[in-house]
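Here the structure is laid out as structure tokens; the discussion comes afterwards.
The values are calculated or read from the model by the stated rules, or taken from the named source; none is laboratory data. Keep in mind the model is a prediction, meaning the values are calculated, not measured. Virtual Cβ from ideal backbone geometry, glycine too; neighbours counted across all protein chains shown. The area values use the complete protein model at the heavy-atom level, side chains included, leaving out ligands, DNA and RNA. Shrake-Rupley method; radii C 1.70, N 1.55, O 1.52, S 1.80 Å.
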Amino acid sequence: MIPLFKVAMSAEAPAAAAEVLGSGMVGQGPKVEAFERALAARVGNPRVVTVNSGTSGLTLALRLVTGHRPASGGEVLSTPLTMEATNWAILANGLRIKWVDVDPATLNMDLDDLARKITPSTRAIVVVHFAGYPVDLARLEAVLDRAEALHGFRPPVVEDCAHAWGATYDGTPIGAHGNVSVFSFQAIKHLTCGDGGAMALPTPELHQRARLLRWFGIERSADRLSNPPDVAEWGYKFHMNDINAAVGLANLDTAERALARQRENAAFYDAELAGVAGVELTERAADRTHSFWIYPMKVEDRAGFVKRMNEAGIMASNVHERNDKHSVVRGFAADLPGLDAVAPRVVCVPVGWWVSDEQRRHIADTIKRGW
Ligand SMILES: Cc1ncc(COP(=O)(O)O)c(C=O)c1O
């Protein structure tokens with residue numbers, strides 16, 4: 001079976017982890033600092049703070065932008081088409097979710113619906129670069145300008161970049177566009193630490209708060225004997241350790257090669273599948289580069305499509321279920337016609353770095369033969 005996911009572990013990673021394991025220093029130390037410098041250089045934002053998962057990063061990001069204390073009420077505008085981690089981070093902060101519809105062309109948040117739903121109760125907006133296709137950040141800025149003119153404030157934005165390591169918008173990497181951005185380096189992401197994540201912060205103040213709150217609110221560099229640091233704001237235990245950081249450092253170049261290959265595979269599918277009956281591809285805009293963590297498209301008779309793919313030795317799945325149907329968020333139900341139209345049709349086929357020339361040809365031909 002050609003898998004949808006595979007772990008992108010470099011040949012150097014085991015030795016890098018072993019070196020840390022034998023060093024006597026396995027907590028947050030020099031490898032974390034080195035990994036943060038390397039991430040910052042690639043994102044083009046010096047304010048990078050690693051964490052132990054994307055979920056921790058999202059939880060902390062919402063805490064940073066919605067106030068000094070969680071559980072203080074208000075609503076966060078978010079997309080239901082994502083991994084549950086995006087939205088459960090809102091609940092973990094004691095905030096309500098207000099669903100924004102999904103744009104069937106991009107599978108990202110529908111920015112017109114977002115504009116309609118911003119009110120004085122909006123505490124933050126969470127957008128997801130779904131599959132690694134960047135949200136139209138210039139249009140998002142225009143929506144915020146309009147909100148500011150209408151309501152007298154600019155809601156803060158958290159970008160969930162879990163799928164989007166390596167993606168760019170308007171020539172600039174995702175993570176350097178003026179919002180709090182959160183990456184995931186979980187097991188099957190094209191940059192993996194085993195588990196891990198990173199936040200890219202837009203200001204020195206948010207950078208400093210993120211550094212403190214990922215580890216109890218304590219300044220780790222302070223001299224605790226002669227000058228014990230005060231904790232002015234309580235924090236979490238969300239820091240990354242040197243074992244995961246060493247693995248991430250050893251995988252950085254592997255991730256670059258993975259990105260290049262998944263883009264090649266996606267370009268092949270784009271060319272092969274354009275105009276195929278029963279298949280609709282997602283949008284591609286010239287001002288963005290996609291990371292193609294997954295290759296979503298829209299098909300008629302999805303169950304039949306998946307069955308046909310499986311028979312041909314190809315895994316296929318929608319990967320993420322719409323989040324708004326879970327009973328835990330029943331109270332936030334909303335009319336979402338764009339999502340209703342598209343959710344039953346979204347399906348992904350293998351696109352990653354492991355997919356060979358012969359395999360991608362087999363996948364495209366199988367789709368073209370119909371199901
Ligand atoms: C869109 C999205 N957000 C957040 C996360 C959470 O990341 P992590 O698994 O690193 O906590 C994921 C994980 O797959 C994801 O796909």
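Tabulated results
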{"read-out": "Residue in region 182-201 that is touching a Pro at 6+ places or on another chain (Cβ under 6 Å) and hydrophobic (A, V, I, L, M, F, W, C) present", "value": "no"}
{"read-out": "Residue within region 247-267 that is polar (S, T, N, Q) and either touching a Leu at 6+ places or on another chain (Cβ under 7 Å) or farther than 30 Å from residue 4 by Cβ (or both) present", "value": "yes"}
{"read-out": "Qualifying position, being open to solvent by 30 Å² or more (accessible area, probe 1.4 Å) and in a helix (DSSP H, G or I), among 252, 212, 225", "value": "212"}
{"read-out": "In region 323-359, the residues that are open to solvent by 40 Å² or more (accessible area, probe 1.4 Å) and among the charged types (D, E, K, R)", "value": "325, 330, 335, 340, 345, 357, 358"}
{"read-out": "Qualifying residue in region 169-191 (condition: within 21 Å of residue 283 (Cβ to Cβ), surrounded by fewer than 24 Cβ atoms within 10 Å (Cβ to Cβ), more than 12 Å from the ligand (Cβ to nearest atom) and of a type in the set (A, V, I, L, M, F, W, C))", "value": "no"}
{"read-out": "Qualifying residues in region 102-134 (those that are part of a loop (DSSP other than H, G, I, E, B) and either β-branched (Val, Ile, Thr) or over 18 Å from the mean Cα position of the chain (by Cα) (or both)) - the one surrounded by the fewest Cβ atoms within 10 Å (Cβ to Cβ)", "value": "120"}
{"read-out": "Conditions (1) surrounded by 20 or more Cβ atoms within 10 Å (Cβ to Cβ); (2) over 23 Å from residue 140 (Cβ atoms); number of the one not met by residue 11", "value": "(1)"}
{"read-out": "Criterion (surrounded by fewer than 18 Cβ atoms within 10 Å (Cβ to Cβ), more than 17 Å from residue 3 (Cβ to Cβ) and aliphatic (A, V, I, L, M)) met by exactly one of 276, 299", "value": "276"}
